[in-house]
1. What is the projected area of the convex hull of the Cα atoms of region 146-211, averaged over all directions, in nm²?
2. In region 7-95, what is the volume of the convex hull around the alpha carbon atoms, normalised per residue and reported in Å³?
3. When the chain is treated as a GNM, springs tying every alpha-carbon pair under 10 Å, which of L248, L135, L37 comes out with the largest mean-square fluctuation?
4. Considering only D40, D125, D168, give the residue with the highest GNM mean-square fluctuation for the chain, with springs between Cα atoms whenever their separation is below 10 Å.
5. Using only the alpha-carbon atoms of region 173-266, report the extent along each of the three principal axes, biggest first, to the nearest angstrom.
6. Rank P154, P242, P293 by mean-square fluctuation in a GNM of the chain with C-alpha springs under 10 angstrom and give only the top-ranked residue.
7. Tell me the relative contact order for region 3-206 as a rounded percent, counting alpha carbon contacts under 8 Å between residues six or more apart.
8. With θ set to phi - 60° and the Karplus curve 6.51 cos²θ - 1.76 cosθ + 1.60, what are the ³J(HN,Hα) couplings of region 6-13 in order, to the nearest whole Hz, using x for Gly and Pro?
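Any read-out appearing in this document is the output of simple, stated calculations on the displayed coordinates, not a laboratory observation. Predicted, not measured: the structure shown is a model, and the values here were computed from it. All Cβ positions, even for glycine, are placed from backbone atoms using ideal geometry, and neighbour counts span all protein chains on display.
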Amino acid sequence: MLFSLVIPIYNVEKYLERCVKSLLNQDLKTGEYEIILVNDGTKDNSLSIAKKFETENINIKVISQANKGLSGARNTGLKNAIGKYVWFIDSDDSIVNNCLKGLYDFLEAGNLDIVHIGFTHYFNDGSEKSYQPKLHPAGVVTGEKFFSEIHTVPTAWSFIHNRKSLTDNNLEFFEGIIHEDEEFLPRVMFYAKRVQSWSKQLYAYFENSSSIMGTKSLKSDLNKCVVLQNFQNFLQSHNCSPAFINGLNYRAFIIFQTILMPTNFLKHSQKDQALLITKLKNSYFYPIRWSGPLNIKFFLYKQLMNIDLKFYTTLRKFIK
C-alpha cells in the first residue's frame, strides 16, 4: 500500500463529495492507496455520503467515533493507516487529479520522511492564487534544518509523511485544541532525517468562513498560548540544536503577532485582553528572541513587542 489519505469528517455535507471525488480521480490503482474517512460524530448528512462512497469503492474505509475534534480524527486515521506514506487532507478541500503517482515517485527518489508541497487558494469571490512551496537550496535536508531555515505556513495538508517516521517516534496530533497543525510541525521536523520541498501545487484550499481556521475567538487565542507552552515543554525535554530553537522562536514570534493583531485582539473584552497579555508575558518565548533577518516592518513589530505588548497593540495598526 503506497498511500493512506486521511480525511476527518464533521458537518461537511456541502463539500465532502468534491473532496472524495478528487481522491478517487488518481493515477494509482485502487489497491495501491486507501482513503480513510473518519466520521468525527458529524451531525449532518456527511456520514451517509461517506458510506455511499465506501459501498462503491473498495479502497475507501469509513471509521466512526464520538466527536474528538480534528486532532482526534486524524489520530484515529493514522492508527488505522497501512500505507507507506500518509497525507492528512481536510474534507472541505481537494487534491489535484492524477497527482499521487508523481508524488510517490518524488518521495521514493529522495527517500524522504517528509515532502512539502504547494497549493492553490480558491477564494469566495471566485478568484484564485497559487503558492509554490519554499525550496531549500540544498534540496534534501534534515527536518531541524528545514524547520529553522524555511519559514512556511504550518498546515498539516501541505506536508506528506512517511508513516513509519511518525509511528516509530510516537508522533500524533495534540488533542483538545485548534491550531494543532502549528503544534505538530516542530515535533515531526525534529525527528525527520530527510525533508524536501517539491515545486508542485497539488492541493486545492477552498476558503470557508465556517471552518475552524475561519473562526476567530478567545478560545482560539488561548489555544495558541497552549501551543507556546507545548513548544517550551518540547524544548525542555529534548536536546534541540540552537538552529531548531531559533526556528521555534520564529514560530512563537508569528503566534504573538496573530494573537495581538488589532483587528482581532481589540474585539476582546478588557479582561480577556489582560488575560492574553499576561499569558504572553509569562511565556518562555517572551521577550521575542528570534535572531533571523527582518524587514523593517517585522523589525518594528519585534522592538515594540519587547518594549510592551499592550503598547504594541496600540501602535500596530499604524504600521503598514
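1. 5.5 nm²
2. Details: hull volume 7.4 nm³, N = 89.
Value for region 7-95: 83 Å³ per residue.
3. Result for the chain, Cα springs under 10 Å: L135 fluctuates most.
4. Largest GNM mean-square fluctuation: D125.
5. Principal-axis extents of the Cα atoms in region 173-266, largest first: 37, 34, 24 Å.
6. Between P154, P242, P293, it is P293 that shows the largest mean-square fluctuation.
7. So the answer I get is 27 percent.
8. 9, 10, x, 10, 7, 6, 10, 4
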